[in-house]
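Here's the structure we're looking at; comments come further down.
Bear in mind that the values in this text are calculations on the coordinates, not laboratory data. Since the model is a prediction, treat every value here as computed from it, not as a measurement. Ideal geometry is used to build each Cβ from the backbone, glycine not excepted, and the neighbour counts take in all protein chains shown.
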Amino acid sequence: MIKTHTLVSLLLSLFFFYSLPLSSLAAPPSSSSVYESFVQCFSDKTKTPQAQIAKNVFSQTNPSYSSVLRAYIRNARFNTSSTPKPTIIVTPRSYSHVSAAVLCSKPLNFVFKIRSGGHDYDGLSYISDKPFFILDMSNLRDVTVNITDQTAWISAGATLGEVYYGIWRESKVHGFPAGVCPTVGVGGHLSGGGYGNMVRKYGLSVDYVEDAKIVDVKGRVLDRKAMGEDLFWAISGGGGGSFGVVLGYKVKLVPVPSTVTVFRVEQYMDSGAVDMVHKWQFVGPKTDKNLFMRMLIQPTTRNKVKTVRASVVALFLGGADDVVSLLAKEFPELGLKKEACKEMTWIQSALWWDNDENATQTDPKVFLDRDLDSASFGKRKSDYVATEIPRDGIESLFKKMIELGKIGLVFNPYGGRMAEVAEDATPFPHRKKLFKIQYSVNWKESSAEIEKGYLNQAKVLYSFMTGFVSKNPRNAYLNYRDVDIGVNDHGVNSYKEGKVYGRKYFGKNFDRLVKIKTAVDPDNFFRNEQSIPTLPRKA
């Protein structure tokens with residue numbers, strides 16, 4: 001016989017069940033029961049006692065939860081009390097842990113976020129507006145260098161600093177063409193088509209990937225042979241998180257000279273900056289491929305007058321005399337003098353590019369410092385330029401930047417090796433462009449009003465640049481993640497929504513990525529707000 005209060009509870013439950021919208025019927029259960037289910041499954045799959053699992057699976061009640069979450073949040077905008085938090089964080093220490101995390105998450109109806117270094121400008125690897133888990137790859141950080149065959153196996157959770165240090169320990173004449181920030185995680189950087197200051201000499205990091213390992217939606221660990229060439233192509237520039245969990249890459253190292261040269265030259269609006277920036281467009285992407293000259297453009301105040309500072313920051317794979325002689329001919333507007341140049345080793349140049357002015361005296365071991373739980377507030381956007389901006393366009397840009405006051409630009413030249421690689425060789429399609437623009441603004445104050453102002457500056461300058469940049473589509477760079485260009489809620493319009501940002505990031509390569517995604521993850525388990533969608537199901 002059913003007691004009265006039990007009957008009432010049952011009727012109320014049925015009432016609420018039938019009055020819920022269909023989309024919420026699959027809503028996840030409470031976090032404590034989710035954790036218990038997950039841990040039981042994880043224990044079974046890895047054959048690990050549940051007591052040990054607490055070292056790698058963190059619920060929100062775990063005393064270490066907050067420090068684990070915060071360690072790799074690099075944008076303070078997503079580190080507030082109101083930022084959505086994951087129900088569970090998993091920090092795998094083995095491939096079997098990754099496989100178990102995938103298999104145990106699938107039945108629980110949670111969004112599954114994969115984080116390597118956290119340098120995800122809009123936080124898509126560690127925030128969600130739907131209930132979610134984080135798979136934090138930071139413990140999988142092996143870097144195994146084999147100088148005999150000039151390769152390295154690098155795990156997804158390793159940082160670029162750890163990669164550079166690992167190479168330097170084994171060889172003083174090898175390097176790897178990846179990013180200039182040492183705390184960037186390998187998984188996101190390589191899978192998204194990461195680049196660095198050897199991009200004109202050697203192209204992208206993914207141009208040197210020879211093998212990879214990934215955990216697919218079925219929990220299988222696959223290498224290049226097992227995953228097949230389509231999936232291998234997709235995770236070599238199409239972003240790994242749409243297709244599975246990238247465990248690591250085998251890469252070919254590149255030779256670097258025993259001596260390289262770095263320099264920084266600054267000019268202001270009243271001392272030739274407009275001419276320097278204008279001419280840079282004709283030289284930076286076309287000069288000797290051993291020379292990479294990044295252009296930084298920043299509004300500033302000098303002698304109480306608002307102005308713009310333009311700075312060329314450069315790496316030349318060779319000696320100072322050669323680069324001074326080269327630029328005296330090609331780029332006299334720069335006014336490069338030998339005393340502005342510093343000769344050093346390649347590893348020292350990597351330290352110098354990380355803003356270490358004493359690079360020649362610094363122990364490269366500092367590259368092992370992950371600089372945990374350090375974040376400023378920031379926003380990034382990107383563009384590509386296919387034809388040079390006219391001089392009056394540069395002048396009007398400077399005026400606009402002075403008017404806005406804070407937002408800066410970074411111009412990164414292509415050409416050289418980049419222009420020699422086919423646009424469909426990897427998912428990265430922007431090879432033939434002259435240069436890439438990064439819009440960059442940082443701030444330190446935690447205020448919704450201040451944040452709104454800075455984000456608006458980024459949008460206004462981006463809008464202002466429309467006539468000067470690529471069109472149909474207006475291109476963007478995946479690793480400068482930007483939700484302003486489109487997001488996906490993975491409902492019935494998933495493919496349509498995905499096409500909006502997908503064509504900006506991947507151009508004509510987007511359709512091939514969608515076909516591969518549909519084949520390897522048809523139920524779209526691996527997804528985020530800007531992941532590759534699956535093809536619409538036929539009715």
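If you keep only loop residues by DSSP, which trypsin sites (Lys or Arg not before Pro) in segment 213-266 have at most 14 other Cβ atoms within 10 Å of their Cβ?
Sparse-neighbourhood loop trypsin sites (Lys or Arg not before Pro): Lys218, Arg220.
Per residue of segment 431-444, in order, report the coupling 6.51 cos²θ - 1.76 cosθ + 1.60 (Karplus, θ = phi - 60°) as ³J(HN,Hα) in whole Hz, putting x for Gly and Pro.
4, 8, 6, 6, 7, 10, 10, 10, 8, 9, 9, 10, 8, 10
Mind checking segment 315-413 for GluC sites (Glu not before Pro) that DSSP puts in a loop (not H, G, I, E or B) and that have at most 16 other Cβ atoms within 10 Å? Don't skip to the answer; put the middle values down first.
Values: sites: Glu330, Glu333, Glu339, Glu343, Glu357, Glu388, Glu395, Glu403; in loops: Glu357, Glu388.
Answer in residue order: Glu357.
If the only charges are +1 at each Lys and Arg Cβ and -1 at each Asp and Glu Cβ, what is the size of the charge dipole of segment 116-165 around the Cα centre, to the nearest 20 debye? Write out the running numbers ahead of the final one.
Numbers: 2 positive and 7 negative charges, 14 e Å.
Computed charge dipole of segment 116-165: roughly 60 debye.
Where the only charges are on Cβ atoms (+1 Lys, Arg; -1 Asp, Glu), what is the dipole of segment 92-219 about its Cα centre, to the nearest 20 debye? Can you show the working numbers first?
On the way: 12 positive and 12 negative charges, 30 e Å.
Using Cβ point charges on Lys, Arg, Asp and Glu, segment 92-219 gives about 140 debye.
Helix 391-404: angle to the longest alpha-carbon principal axis of the chain, degrees 0 to 90, nearest 10?
50 degrees
Relative to the longest principal axis of the chain, what angle (0 to 90°, nearest 10) does the C-alpha long axis of helix 448-464 take?
Between the helix axis and the principal axis of the chain, the angle is about 60 degrees.
Tell me, what does the Kirkwood hydrodynamic radius of segment 233-300 come to in angstroms if you use every pair of distinct C-alpha atoms?
16.4 Å
Could you give the size of the charge dipole of segment 31-136 about its Cα centre, using +1 on the Cβ of each K and R and -1 on the Cβ of each D and E, expressed in debye and rounded to the nearest 20?
That gives a dipole near 160 debye.
Less than 18 Å from a label point 7 Å out along the Cα-to-Cβ axis of Lys106: which backbone N atoms in segment 499-535 qualify, by residue?
517-528, 534
Enter the angle in degrees (range 0 to 90, nearest 10) between the Cα long axis of helix 31-46 and the first principal axis of the Cα atoms of the chain, meaning the one along which they spread out most.
80 degrees
I need the calculated FRET efficiency for the pair Lys55 and Arg220, taking r as the beta carbon distance and R₀ as 25 Å, to the nearest 0.05.
E(calc), rounded to 0.05, equals 0.50.
Evaluate the relative contact order of the chain (contact order divided by residue number), counting alpha-carbon pairs under 8 angstrom at least 6 apart; express in whole percent.
14 percent
Quick one: compute the contact order of segment 143-255, relative version, from alpha carbon pairs under 8 angstrom and 6+ residues apart, as a percent.
32 percent
Under a Cβ-Cβ limit of 4.7 Å, which cysteines in the chain have nobody to pair with?
Result for the chain is Cys181, Cys341, no neighbouring Cys Cβ within the cutoff.
When the label point is put 7 Å from the Cα of Asp44 along its Cα-to-beta-carbon vector, which residues of segment 89-106 have a backbone N closer than 13 Å?
103-106
Pairs of lysine in segment 143-255 with Cα under 23 Å and at least 8 positions apart or on different chains: total?
Taking the Cα cut-off of 23 Å, the pair count is 11.
What length, rounded to one decimal in nm, is gained on full extension from Thr300 through to Lys329, with 0.36 nm per residue of separation minus their alpha-carbon distance?
Here the segment from Thr300 to Lys329 would lengthen by 7.4 nm.
Full extension from Thr362 to Asp270: what is 0.36 nm times the residue separation minus their Cα-Cα distance, to one decimal in nm?
29.5 nm
Work out the count of Lys pairs in segment 31-136 where the Cα-Cα distance is under 21 Å, with the pair 8 or more places apart or on different chains.
12
Classify segment 391-539 as rounded, prolate or oblate, taking a ≥ b ≥ c as the square roots of the eigenvalues of its Cα gyration tensor: rounded when a/c is under 1.5, otherwise prolate if a/b is larger than b/c and oblate if not.
Oblate.
When the chain is fully extended, how far beyond the present Cα-Cα distance does Asp371 get from Thr83, taking 0.36 nm per residue of separation?
101.5 nm
Taking every pair of alpha-carbon atoms in segment 143-255, what share in percent sits in each 10 Å bin, from 0 to the bin with the longest distance?
For segment 143-255, the binned pair fractions read 16, 51, 28, 5, 0 percent.
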